[in-house]
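Report on the following structure.
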Amino acid sequence: MGKPKVLELTEAERLALEKGFRLGEKHCFRMRCRAVLLKADGLSSAAAGVQTEMSHVSVNAWVKRFKSEGIDGLNTRSGRG
């Protein structure tokens, strides 16, 4: 198994994710923010999934969505969760 890919975040992205994790209205949004932060801290998708009660597949999907849509992409369900 290879080394987990580390997600590079700007300072503004990290601050927005930390704020979303602490103050987000919905639990699912807070956990999505947390999953992205954990990936940025170097955790594997599986390890981030354990901490957020998601599968590694879901963690990867939310990270991908964050990369394409930013934090607003974590705040909608669109059939995923």
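Derivation of every value follows stated rules applied to the coordinates shown; laboratory data play no part. Please read these numbers as outputs of a predicted model, since none were measured by experiment. Because the Cβ atoms are built from the backbone with ideal geometry, glycine has one as well, and the counts that use them run over all protein chains shown.
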Number of positions in the range 44-70 that are of a type in the set (A, V, I, L, M) and not in a helix (DSSP H, G or I): 1
Under 8 Å between Cβ atoms, which residue pairs at least 6 apart in sequence (or on different chains) link something in the range 16-32 that is without any contact (Cβ under 8 Å) to a residue 24 or more places away in the chain with a partner that is in a loop (DSSP other than H, G, I, E, B) and surrounded by fewer than 17 Cβ atoms within 10 Å (Cβ to Cβ)? 31/53
Report yes if residue 40 is among the small types (Gly, Ala, Ser), surrounded by 13 or more Cβ atoms within 10 Å (Cβ to Cβ) and in contact with a Gly (Cβ under 8 Å, 6 or more places away or on another chain), otherwise no. no
Looking only at the range 8-27, which residues are crowded, with 17+ Cβ neighbours inside 10 Å, part of a helix (DSSP H, G or I) and over 9 Å from the mean Cα position of the chain (by Cα)? 13, 16, 20, 21
